[in-house]
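Single-structure report; data block below.
A short reminder: the numbers here are calculations on the coordinates, not readings from a lab. These figures come from a predicted structure and were not determined experimentally. Note that we place each Cβ from the backbone using ideal geometry, even for glycine, and neighbour counts take in every protein chain shown.
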There are 2 protein chains.
Amino acid sequence: MDQIFKALANKSRREVMDQLFARDGLTLNELCENASFSRQGVSKHLQILEDADLVVTHWSGREKHHYLNPMPVHEISERWLKKYARRQMTAVSALKKNLEK
Amino acid sequence: MDQIFKALANKSRREVMDQLFARDGLTLNELCENASFSRQGVSKHLQILEDADLVVTHWSGREKHHYLNPMPVHEISERWLKKYARRQMTAVSALKKNLEK
DNA sequence: ATAATAGGCAACTAAAAGGTTGCATGTCAA
DNA sequence: TTGACATGCAACCTTTTAGTTGCCTATTAT
């Protein structure tokens, strides 16, 4: 869980994910074309995304293809975010109540 | 957006949020009681959560009360996570398709 | 008025993150 | 079989992060 949050906490990595969202299955080199930093930089980010299971890979010869894995995102959404987002009404009203004092 | 992701990317901060989830409106000192580090540590985390607008505060005399703000969490869920979680079916099937080659 | 209490600010440190360069390895194409 | 191409690995550097300690300020209670 912590790993997923950490992986998502970086803009460059989210941009990589955006690229994969636009076109899934890109190789490292393809991803580098639109990146603002070196291949090794991209590679490191991909590794972190892979470790967090946000990205799944598949080798085809000497090419490594990258695919988004929506499962962990879904899990964070279900197990964590919903908990806090749900409280929307009660929390805001509690705050208001308190401010009125 | 980046600020929110970064704020959420730390376990200690998520624990602080958990505490506020359990009981909203806690003061800094009250939050310290269950924390594993110094008051200044907690204070810094609260500041980061506040900067990300994940926590809203309210002074009452010399006491600062802290409240969860579910809005940014909700926004991340709506604007970002849904985008990726939605792709669940298509992505998994695409991966399978590719693996079969 | 004074002491205790709640919190803030600033400087410092250690560790982690984000990025780089250089070199090694495995696969494909001529 | 040799050269080019796709990627990996490791060392290094710089900035950020997470946490500390020490001291200052404001509010409350006696």
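Of all residues in segment B:7-16, those that are surrounded by 14 or more Cβ atoms within 10 Å (Cβ to Cβ) and within 7 Å of another protein chain (Cβ to nearest Cβ) total 2. Among the residues making up segment A:27-55, those that are within 14 Å of another protein chain (Cβ to nearest Cβ), surrounded by fewer than 20 Cβ atoms within 10 Å (Cβ to Cβ) and within 13 Å of DNA strand D (Cβ to nearest atom) are A:Thr27, A:Ile48, A:Glu50. Listed by first and then second residue, the pairs linking a residue in segment B:52-66 that is over 28 Å from B:Met1 (Cβ atoms) to a residue that is in a strand (DSSP E or B), with Cβ atoms under 7 Å apart and 6 or more places separating them unless they lie on different chains, are B:Glu63/B:Thr27. Here A:Ala22 passes the criteria (1) aliphatic (A, V, I, L, M); (2) in contact (Cβ under 8 Å) with a residue 12 or more places away in the chain; (3) away from DNA strand D (no atom under 12 Å from the Cβ) except the one numbered (2). Take the conditions (1) surrounded by 13 or more Cβ atoms within 10 Å (Cβ to Cβ); (2) within 13 Å of DNA strand C (Cβ to nearest atom); (3) closer than 20 Å to A:Leu8 by Cα; B:Ile4 misses just one of them, which is (2).
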